[in-house]
Amino acid sequence: MNNPIIMNKYSIERTLGNENKPFNYDEFVKNFKVKIISRSESDLEFDLIGIDVAVANSLRRVILSEVPSMAIEKVHIYQNTSYILDEILAHRLGLIPLKADPRQFKMKEDENSEPNEHDSLVYEMKIKCTKKDLDSLAHKQFISFPVYARHIKWLALGNQKDIFTEKDVGIIGDDILIAKLRPGQEIELKMFAVKGIPKDHAKFQSVCTAWYRMMPDIKLLDEIKGNDALLLQSCFPKGVIGLKSVKGVLNAFVEDSRIDNSSRNVFRYKQFDNKILLSKIQDHFIFTIESVGAMDPSVIFLEALNILIRKVNSASESALNQTEI
């Protein structure tokens, strides 16, 4: 884009860019790019190039509030003699992430209907602390018996046992602490998980978080040498500014502006006045998605895109119908 955001010492300069131009589909298709930078089972970092900030932010909001997941919705407590109140215990259980892929389940149409294999998952936890349990632990007389997420067991509904395994629909993170028991205390309960969206409750979030930032762009407008080059390098995160020796003199150069955090620390030194240009590229976004673990982050991205497309189509149809009326 020819209109970057310029970063000054105490302010920023933002000039009009795409918002001042009529939309051109062919130009959009030509300029739009998605580049995968890094990917793992839980994290995805990619670049969105050639789009407006409104589109990037819409994608982020959809990921955070409308991509569905499975979570514990109801808890039937038959016995709880621990120190944790029933409602607190139920709330803690609801926030435990599940491995179940929400795409394999339907939304529950009536919350009061009986759970079935198509819209629900059932779990149970039966645990009682005895003196023998504490004797197996260090400092036995001073500590409590910990209850972890691994004590939750899955109960198959209908033909679910033929489709899923405990590994497919179990708990993400066996070491999540739920409660602590003393001898004689026990917890017995049954949990019902359903499909939902984060807009209804945060426990349905499929991501830990999702965010974006504009691509930093750093330009050296003049040569910076010697001790000034070393000082310039110290003003930025490691790897942003590199040093090379030219005839025995250190010269600074921009090595990787992507990892800059836009601290503007360089503006503290007068010797760098009018020698450095810090800016942000308005149509280049570095996007990061951190999955909870039920779905691959790339799948979450595609699900969010499909939701966004459906919203756009719905809005277009509504506008068309109003025009006809």
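The values are calculated or read from the model by the stated rules, or taken from the named source; none is laboratory data. Because the structure is predicted, anything quoted here is derived from the model rather than measured. Cβ placement follows ideal geometry from the backbone for every residue including glycine, while neighbour counts extend to all protein chains displayed. The protein model used for the area step is the full one, side chains on, heavy atoms only, and it has no ligands, DNA or RNA in it. Shrake-Rupley method; radii C 1.70, N 1.55, O 1.52, S 1.80 Å.
Need one number: % antiparallel among DSSP beta bridges in the chain, to the nearest 5. Walk me through the intermediate numbers first.
Values: 66 of 66 bridges.
Given both bridge residues lie in the chain, the antiparallel proportion sits at roughly 100 percent.
I need the helices of the chain that pass two filters: whole DSSP H segments spanning 20 Å or more by Cα along the axis, and mean Kyte-Doolittle score no lower than -0.5.
Sorted by number, the helices that extend far enough and score high enough are 297-324.
Can you give the FRET efficiency for Arg39 and Arg182, using 1/(1 + (r/R0)^6), R0 = 51 Å, r = Cβ-Cβ distance, to the nearest 0.05?
On the way: r = 46 Å, r/R0 = 0.90.
E between Arg39 and Arg182, to the nearest 0.05, is 0.65.
If I take all pairs of Cα atoms in the stretch 26-116, what percentage of them are more than 15 Å from each other?
77
Identify all lysines with a Cα-Cα distance to Lys99 below 16 Å; exclude those on the same chain that are fewer than 8 residues away in sequence.
Of all the lysines, those that pass the test against Lys99 - Cα under 16 Å, at least 8 places apart if same chain - are Lys153, Lys161, Lys167, Lys195, Lys203.
Between Asp273 and Val246, how high is the FRET efficiency from 1/(1 + (r/R0)^6) when r is the Cβ-Cβ distance and R₀ = 30 Å? Nearest 0.05.
Details: r = 23 Å, r/R0 = 0.77.
E(calc), rounded to 0.05, equals 0.85.
Take the chain, drop everything but the C-alpha atoms, weight them equally and run the Debye formula without solvent; then report log10 I(q)/I(0) at 0.06, 0.11, 0.14, 0.15 Å⁻¹ to two decimals.
These q points yield log10 I(q)/I(0) values of -0.37, -0.88, -1.08, -1.16.
Rolling a 1.4 Å sphere over the protein heavy atoms, what is the accessible area per residue of the stretch 170-286, to the nearest Å²?
For the stretch 170-286, the per-residue accessible area is 50 Å².
In nm, what is the difference between 0.36 nm times the number of residues separating Lys199 and Glu13 and their Cα-Cα distance?
Gain on extension, Lys199 to Glu13, equals 63.5 nm.
If I compute solvent accessible area with a 1.4 Å probe over the protein chains, what percent of it on the chain is carbon and sulfur? Could you put the intermediate results ahead of the total?
Numbers: 9640 of 19140 Å².
After summing per-atom areas, the C and S share lands at 50 percent.
Given points 7 Å out from each Cα along the Cα-Cβ axis, report the Lys74 to Leu220 separation in nanometres with one decimal.
6.7
What is the set of long-range amide H partners of Gln282 at a cut-off below 5 Å, with H atoms built 1.01 Å from backbone N?
Amide H neighbours of Gln282: Ile5.
Given H placed on each backbone N at 1.01 Å, which residues far from Leu98 in sequence or on other chains put an amide H within less than 5 Å of it?
Ile172
Can you tell which of Val62, Val34, Val207 shows the greatest fluctuation in a Gaussian network model of the chain with Cα springs below 10 Å?
Looking only at Val62, Val34, Val207, the largest GNM fluctuation is found for Val34.
Assuming R0 = 30 Å, can you tell me the calculated FRET efficiency for the pair Val29 and Arg213, based on Cβ-Cβ distance, to the nearest 0.05?
0.75
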